[in-house]
Amino acid sequence: MNIGISTACFYPMETEKALSALAENGVKTVEIFFNADCELYGDIYGEIKNIVKENAMTVLSVHPYTSAVETMTLFGDYPRRLTAILDVYDRYFEIMNDLGAKIFVLHGALKSANFLKQPDGEKLYLERYSMLHELGKKRGVTVAQENVSYCKSGDPDFLRRMHDQLGEECAFVLDVKQVIRSGLDVFEVMDIMADRLVHCHLSDHTPDRDCIPVGKGELDFGRFAEKLKARNYGGGIILELYSNGFSSLSQLKESAEYMKGYF
């Protein structure tokens, strides 16, 4: 089982600095959250690539900062924006090939998106997702829909329909903190994603806090691990906390070691 840490934990630290901090502390498996277009090209991307290579790091997945505008680009009604975002994401896929990453994390459209209120809104959503999913496949990348509380993907019924209608032509990222923020049960959402679950974002929680280091809250990680093993899960597990959810990098490493103890 590949278990690692996301550079997103250090936001708003610059991506290459976050990656370097992980490397300097012996973390070998990561997800990279790109936070600006300039990180996809030139000297900054070159630095990111060198950090990965020189430290023999494994990049499991990539997360784009453009998640914030997917409603008006990938799922919008302006054709030029759709073309533009597909070009941008194709660049991400090139980078992923370069870095060896296989999973591209997609947030998707906001629940409030106007097109979702139309009779064919959900049909359009699945068509646009499929378009990006196919583009990723051509590059050897899996575009995986993450459950996000404030997005369409925060609706478990939608996830179920997506799974049933697209089958092997879709994939999911399970984000535990987003499940909690949606007021849902982690294990129920795991079951909905079923065989199409390819990646996990892990965190723990208490009644007062929804995103803390793993092993410090109420998540039954033993049960979580057993459910993954029962379905022969072949994806990765990435610790993804917000910077206010931990106090030191040692806590992140402890969480990663805690998770490794179950596999």
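The values are calculated or read from the model by the stated rules, or taken from the named source; none is laboratory data. This structure is a prediction, so every number in the text was calculated from the model and none was measured. Note: ideal-geometry Cβ built from the backbone for every residue, glycine included; neighbour counts use all protein chains shown. Each accessible area value is taken on the protein alone, full model and side chains, heavy atoms only, with ligands, DNA and RNA left out. Shrake-Rupley method; radii C 1.70, N 1.55, O 1.52, S 1.80 Å.
Would you be able to tell me the number of residues in region 232-257 that are open to solvent by 50 Å² or more (accessible area, probe 1.4 Å) and over 13 Å from residue 1 (Cα atoms)?
Taking region 232-257 and keeping what is open to solvent by 50 Å² or more (accessible area, probe 1.4 Å), we get 232, 234, 242-244, 247, 250-251, 253-254, 257.
Checking which are over 13 Å from residue 1 (Cα atoms) leaves us with 242-244, 247, 250-251, 253-254.
Result for region 232-257: 8.
Report the residue count in region 228-241 for those that are under 14 Å from residue 255 (Cα atoms) and out of contact with any Asp or Glu (no Cβ under 6 Å at 6 or more places or on another chain).
Step one: list which residues in region 228-241 are under 14 Å from residue 255 (Cα atoms), which gives 237-241.
If we keep only those that are out of contact with any Asp or Glu (no Cβ under 6 Å at 6 or more places or on another chain) as well, we get 237, 239-241.
Final tally of qualifying residues: 4.
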Inset, instruction - Go through region 178-199 and count every residue that is more than 19 Å from residue 136 (Cα to Cα), buried (at least 19 other Cβ atoms within 10 Å of the Cβ) and either without any contact (Cβ under 8 Å) to a residue 12 or more places away in the chain or under 12 Å from the mean Cα position of the chain (by Cα) (or both). - result: 1
Inset, instruction - Could you list all residues from region 211-256 that are under 19 Å from residue 19 (Cα atoms), more than 19 Å from the chain's Cα centre (by Cα) and in a loop (DSSP other than H, G, I, E, B)? - result: 246, 247, 248
Legend entry - Matching residues, region 81-101, being in a helix (DSSP H, G or I) and among the hydrophobic types (A, V, I, L, M, F, W, C): 82, 84, 85, 86, 88, 93, 95, 96, 99
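With among the charged types (D, E, K, R) and either free of Cβ contacts under 8 Å to residues at least 24 places away in the same chain or in contact with a strand residue (DSSP E or B) (Cβ under 9 Å, 6 or more places away or on another chain) (or both) as the only criterion, which of 91, 81 stands out? It would help to see each step written out before you state the result.
On the way: 91 fails: either free of Cβ contacts under 8 Å to residues at least 24 places away in the same chain or in contact with a strand residue (DSSP E or B) (Cβ under 9 Å, 6 or more places away or on another chain) (or both).
From the options 91, 81, the qualifying one is 81.
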Inset, instruction - Being over 22 Å from the mean Cα position of the chain (by Cα) and without any contact (Cβ under 8 Å) to a residue 12 or more places away in the chain is the filter; apply it to region 115-127 and report the residue that is least open to solvent (accessible area, probe 1.4 Å). - result: 121
Legend entry - Per-region count, region 45-76, residues of a type in the set (A, V, I, L, M, F, W, C) and open to solvent by 50 Å² or more (accessible area, probe 1.4 Å): 4
